[in-house]
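Let me begin by presenting the structure, written as structure tokens, before commenting on it.
The values are calculated or read from the model by the stated rules, or taken from the named source; none is laboratory data. Bear in mind that the values here come from a model prediction, so they are computed numbers and not experimental data. With ideal geometry, Cβ positions are generated from the backbone for all residues, glycine too; neighbour counts draw on all protein chains shown. The protein model used for the area step is the full one, side chains on, heavy atoms only, and it has no ligands, DNA or RNA in it. Shrake-Rupley method; radii C 1.70, N 1.55, O 1.52, S 1.80 Å.
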Amino acid sequence: NVLDKLNGLKITKEVIDGLNLGYMTNYLATPVFKNGKLINIARYNINKDPNYPKVRYNENTNSGDIVPFDIWKKDFRATVICEGEKDMLVARSNNFNAITLTGGSQSSLQSEYFEYFKDRDVYICYDNDDAGVRGAKKLYKDLQRHCKNVYVADISSVCVETKEDVTDFFVKY
């Protein structure tokens, strides 16, 4: 059932295997590794069960960690920062060097990661809603002095509905 949902989102087997995705009690589980150590697990309510939150993380963990950091830090193609794990998985399945931050659109990137953005071109592609716009502007301000170039991508000309996102861009449109 979960694999069918991932296939419906056009998430590739290579991304599923490469990011070690799993399933934990109603959640798609994306492990968060940092320098080879498991530091968190992002859980996405893939079944959209109203009895569960949309996204959960391990207790007592930081927000603003990069997912998938260990893969991304070795890939110097342009970076696309997505608002959430599902969007990052879809963008990666479409051959983008995509990452996301734990904690959602309002999280701040942990300062220890800034050095990894040196000489990189970065595109922030958050959801088409007020929280996404605010989060993208905030992240832009945080990154502008650390990147070669940083841009905020406006998906609203394609994803015209409020709250549409990278997944809608690739799956719906």
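Output the relative contact order of segment 124-173, whole-number percent, from Cα pairs under 8 angstrom with separation of 6+ residues.
45 percent.
How large a share of the accessible area of segment 45-126, in percent, is made up of carbon and sulfur atoms when the probe is 1.4 Å and the other protein chains stay in place? Please report the intermediate quantities before stating the final value.
Values: 1710 of 3820 Å².
Carbon and sulfur: 45 percent of the exposed surface of segment 45-126.
Would you work out the charge dipole size for segment 11-79 about its Cα centre, treating the Cβ of every Lys and Arg as +1 and the Cβ of every Asp and Glu as -1, and quote it to the nearest 20 debye?
The calculation lands at about 80 debye.
Just name one of 53, 72, 102: the one whose Cα is farthest towards the positive end of the charge dipole of segment 49-123 (beta-carbon charges, Lys/Arg +1, Asp/Glu -1).
Among 53, 72, 102, the one farthest towards the positive end of the dipole of segment 49-123 is 72.
Two decimals is fine: what is log10 I(q)/I(0) at q = 0.17, 0.25 Å⁻¹ for segment 87-151, from a Debye sum with one equal scatterer on every Cα and no solvent?
Values returned for q = 0.17, 0.25 Å⁻¹ are -0.60, -1.26.
Quote the relative contact order of segment 92-160 in percent (integer), defining contacts as alpha-carbon pairs under 8 Å separated by 6+ residues. Write down the numbers at each step before the final one.
Working: 77 pairs, mean separation 23.9, N = 69.
With pairs under 8 Å counted, the relative contact order is 35 percent.
Taking all pairs of distinct Cα atoms, average 1/r, flip it, and tell me the Kirkwood hydrodynamic radius of the chain in Å to one decimal place.
Mean inverse Cα-Cα distance, inverted, gives 16.2 Å.
Once ligands and nucleic acids are excluded and a 1.4 Å probe is used, how much of residue 168 is accessible, expressed in Å² to the nearest 10?
40
What is the Cα centroid distance between segment 1-78 and segment 100-149, reported in whole angstrom?
With segment 1-78 and segment 100-149 each reduced to a Cα centre, they are spaced 19 Å.
Only helical DSSP H runs with n ≥ 4 go in: add -39500 (n - 2.57) per run for the chain, normalise by residue count and round the 222 nm mean residue ellipticity to 500 deg cm²/dmol.
-6000 deg cm²/dmol
Using the charge dipole of segment 1-61 (Lys, Arg: +1 at Cβ; Asp, Glu: -1 at Cβ; taken about the Cα centre), state which of 21, 40, 8 has its Cα farthest towards the positive end.
Checked the options; the winner is 40.
Based on Cβ point charges of +1 for Lys and Arg and -1 for Asp and Glu, what charge dipole magnitude is obtained for the chain about its Cα centre, in debye rounded to the nearest 20?
280
Find the accessible area per residue for the chain; the probe is 1.4 Å, ligands and nucleic acids are left out, and the unit is Å².
With the other protein chains kept in place, the chain gives 53 Å² per residue.
For the chain, what is the relative contact order in percent, using Cα pairs closer than 8 Å and at least 6 residues apart in sequence?
17
Cβ under 15 Å from residue 27's Cβ, residue 27 left aside: what net charge do those residues give with Lys, Arg +1 and Asp, Glu -1?
+3
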